[in-house]
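**Q** Can you read through this structure? Questions will come right after.
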Amino acid sequence: MATTEECHSIQLIDGDGLFNDVGTDRLIKEIKLAECGLSYAVVAIMGPQSSGKSTLLNHLFCTNFREMDAFKGRSQTTKGIWMAKCAGIEPCTLVMDLEGTDGRERGEDDTAFEKQSALFALAVSDIVLINMWCHDIGREQAANKPLLKTVFQVMMRLFSPRKTTLMFVIRDKTRTPLENLEPVLREDIQKIWDSVHKPQAHKETPLSEFFNLEVVALSSYEEKEEQFKEQVANLRQRFFHSIAPGGLAGDRRGVVPASGFSFSAQQIWKVIKENKDLDLPAHKVMVATVRCEEIANEKYAGFTANESWCLLEEAVQSGPVAGFGKKLNSILYTSLTEYDAEATYFDEGVRSAKRKQLEEKLLQLVQPAHHAMLGHLRSGTLEKFKEAFDKALNGGDGFSVAARNCTEAYMALFDEGYADAVVELANWDSSKVRDKLRRDIDAHVASVRAAKLSELTSSYEAKLNEALSGPVEALLDGANNDTWPSIKKLLRRETESAVSGLSDALSGFDMDEKTKEKMLTSLEDHARGVVEAKAREEAGRALIRMKDRFSTLFSHDSDSMPRVWTGKEDIRAITKTARSASLKLLSVMAAIRLDDNADNIENTLTSALVDTKNNAAVTDRSITTFDPLASSTWEQVPPAKTLITPVQCKSLWRQFRVETEYTEANKRNNNWLPPPWAIVALIVLGFNEFMTLLRNPLYVGVIFVGFLIIKALWVQLDISGEFRNGALSGLLSLSTKFLPTVMNLLRKLAEEGQMPATNSSQTNQAVASKSFQNGSSTSNMSSSASSGITASENSPKKGE
């Protein structure tokens, strides 16, 4: 029979019983058997040696099995089991040519291999052709009886759920009609079935429970070749669509999917060789387990090598990927769909279990990428939240409103992003990532809130510092009875303004009243602290302030004009007034009076330091009386409110008196004219010296030049001004200024000598004017330096 399809054949099992797994796999790939699923059939033929089995298969299925050469005599042609694909038959049909039975070549091993190959054929095949001679029908010692016994015996070792079709092919049919031969053959078959030893469970089981019996007859190939070929062609038609219901291989229960055929056949032969009972249902599960696992591993390997997955995995490591979930789900579903397609014909329980394992492995593989995606989504959402939150705050939105709106918007944005990245096969909980994002947002809000509150508080504290420090210092500098009431009024006004402003600013933060009240109280305390700190600072300069006030009042009259000393002033009264004002300043700076509590500090100081009687009592060492200043605290004044203790006041007053006594004494002795009798004495006693000067005018010039120099130095050094603050400070100041002043005068004289003579008159006038200005400036500078030195001298004495 001609066909255009190429025949593929291999030796499935060699004569020594070795299974050719490599050749089988190659054949299955060549004929693409794995694509057939359950749509394939397996046919096997068995029979006596040299009974024409291979010849029948070659004509029936267009195979190329080796045939016996009749001219060389009868001998073994087929060794082991051969397999080939039937050409031109649908569905795909595999045919196995078994080694003939009862051959002389095997000898005693014939029975063992005969049973093994028969059992293998029954376990693997859907249809088994039994080749037999027509003249053996009805004979007691027929050649086919041992073969049938073997078939029925090994059938007892199979636990198969399906029926196998046994097709008896009667060869070299005689003139006896098939209708007469078939009943005899069936009767012989029944007798053989009855004679076979059966397990207790199958004692009464009829043959029809295990086999579908078919009988066909063929003419002699050698004598009636054309008739033989015609009968074979008719028989061939029965193998088309053999797996359809009612076909020769219509019972598909327990069929192994085509992709597992090679492994199944190999395992069946292994069990048969080990002489174990063959449980085909269990074998089917085993084959399904192995093949489904192989398919799953293939799909897993294919997934890991998938270019789309590799690109997606690489991309998600560096940043978020748009449509991540959709892309990943597509790749996952493709792999699982391919698995389902290849494993669809295997045992459902095994297939589902392996599919679940494949899903778990794939999800475990993609989970790091999914976590990375969620990490990018969380961090990106957080950064966007920060930008939007800052923008909302800068736009003037209230803090609480901005925080609430931005939080809701960007948590919703995260949820949208997560929905886009969700893996549908996985039931992963995103709540941890979402909670982490919410915690990060809340932490950022809390951080910004704390920074804003701190900024607000610092702003109002700075305003209070600016509003209180300068005025408090000015008020303390002009200390009088209204100083502390004015400070209290200033403090109350500025505090109320700052508290009101801060309270309005805090309304946008949606905080509880307790916290708000605490912040406002803290601001009030800060304002009070500013005043107290400034008061303590000014108290540290009390001695300087006292001396400045004394000097101001002593040197200026009631109209604040510089006092002109004529020698007729009441120096004692002026000094007392100036000291009383200085004592007033000391009493104001002695304590903080921001509360309404009254004190008697001023009276105590006045009675202890100014009252003449008390002063006399203090100076009289022989009289011991109570000293109100011999204490470290004031009556009715808490220690925390004390700026200068009584004993410190006493020490400051003593130092103050010492440093101001020179000024008083200097003014008392400020009359430069001597008494009249002294003038007369100078004229009488100095007459000779006066005449000498008249006779030698050069002396007059020298004396005049000396007078000018001394006068210039007097003006430049401001000697009277330097000694105003005391003899010691005046000497120290003059010692530092004397040499620079002399050098300056010499330099000026040198410059004047180098100027042109034509401009001498104008230059002299300019120099005189400039010298006068320089003298005034130097005098002012000297005065400032003297004050600075005095202050530096007095500063260590504050703690006395």
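**Q** Can you tell me which residue within region 22-55, out of those that are buried (at least 20 other Cβ atoms within 10 Å of the Cβ) and of a type in the set (Gly, Ala, Ser), is nearest to the chain's Cα centre (by Cα)?
**A** Looking at residues that are buried (at least 20 other Cβ atoms within 10 Å of the Cβ) and of a type in the set (Gly, Ala, Ser), I get Ala41.
**Q** Still on this model: Need a quick list: helices (runs of 4 or more DSSP H) entirely within region 239-326 having at least 2 residues that are farther than 30 Å from Pro91 by Cβ and outside the structural domain of Gly80 (by the TED database).
**A** 280-305, 307-318
**Q** Here is a further query. Which of the residues spanning region 440-470 are acidic (Asp, Glu) and closer than 25 Å to Arg404 by Cα?
**A** Those that are acidic (Asp, Glu) and closer than 25 Å to Arg404 by Cα: Asp440, Asp442, Glu455.
**Q** While we're looking at this one, here's another question. Could you please give the count of residues in region 453-469 that are surrounded by fewer than 15 Cβ atoms within 10 Å (Cβ to Cβ) and either farther than 25 Å from Ala542 by Cβ or in contact with a helix residue (DSSP H, G or I) (Cβ under 9 Å, 6 or more places away or on another chain) (or both)?
**A** 5
**Q** Quick one: count up the residues across region 636-647 that are in a loop (DSSP other than H, G, I, E, B) and out of contact with any helix residue (DSSP H, G or I) (no Cβ under 8 Å at 6 or more places or on another chain).
**A** Looking only at that region, the number is 3.
**Q** Do we have any residue at all in region 320-328 that's in contact with a Lys or Arg (Cβ under 6 Å, 6 or more places away or on another chain), surrounded by fewer than 18 Cβ atoms within 10 Å (Cβ to Cβ) and farther than 25 Å from Trp269 by Cα?
**A** No, the conditions are met nowhere in region 320-328.
**Q** Taking region 313-335 as the region of interest, how many residues are in contact with a helix residue (DSSP H, G or I) (Cβ under 8 Å, 6 or more places away or on another chain) and either within 19 Å of Gly375 (Cα to Cα) or in contact (Cβ under 8 Å) with a residue 60 or more places away in the chain (or both)?
**A** The total comes to 14.
**Q** What number of residues in region 20-59 are farther than 11 Å from Thr78 by Cβ, in a helix (DSSP H, G or I) and of a type outside the set (Ser, Thr, Tyr)?
**A** 17
**Q** Here are some conditions: (1) surrounded by 15 or more Cβ atoms within 10 Å (Cβ to Cβ); (2) over 20 Å from Glu114 (Cα atoms); (3) modelled with pLDDT under 80. Asn144 meets all but one. Which one does it not meet?
**A** Result: Asn144 passes all but (2).
**Q** Let me ask another. If a residue must be in a helix (DSSP H, G or I), open to solvent by less than 60 Å² (accessible area, probe 1.4 Å) and among the charged types (D, E, K, R), how many such residues does region 187-215 contain?
**A** Count: 1.
**Q** Condition test on His376, is it in a helix (DSSP H, G or I) and crowded, with 17+ Cβ neighbours inside 10 Å?
**A** The answer is yes for His376.
**Q** Mind telling me which of the residues Phe263, Phe240 ends up being in contact (Cβ under 8 Å) with a residue 40 or more places away in the chain and surrounded by 14 or more Cβ atoms within 10 Å (Cβ to Cβ)?
**A** Exactly one residue qualifies, and that residue is Phe240.
**Q** So Ala450 fits all but one of (1) open to solvent by less than 70 Å² (accessible area, probe 1.4 Å); (2) at pLDDT 90 or above; what number is the exception?
**A** It is condition (2) that Ala450 fails.
**Q** Related question: Looking at region 383-404, can you tell me whether even one residue there is at pLDDT below 90, charged (D, E, K, R) and under 30 Å from Thr289 (Cβ atoms)?
**A** no
**Q** Would you please list the contacts, defined by Cβ atoms under 8 Å and residues six or more apart or on different chains, that run from a residue in region 416-432 that is closer than 14 Å to His376 by Cα to a residue that is at pLDDT 85 or above and among the aromatic types (Phe, Trp, Tyr)?
**A** So the pair list comes out as Asp420/Phe324; Ala421/Phe324; Ser430/Tyr418.
**Q** Pairs only if they're at least six apart or on different chains, beta carbon under 7 angstrom, first in region 188-212 and modelled with pLDDT of 80 or more, second outside any helix (DSSP H, G or I) and among the charged types (D, E, K, R); list them, first residue then second.
**A** Going by the 7 Å Cβ cut-off, the qualifying pairs are Phe210/Lys163; Phe211/Lys163; Asn212/Lys163.
The values are calculated or read from the model by the stated rules, or taken from the named source; none is laboratory data. What you see is a predicted model; the values in this text were computed from it and never measured. Cβ: placed from backbone, ideal geometry, glycine included. Neighbour counts: every protein chain shown. To get the accessible areas, we keep the full protein, side chains included, count just its heavy atoms, and leave off ligands, DNA and RNA. Shrake-Rupley method; radii C 1.70, N 1.55, O 1.52, S 1.80 Å.
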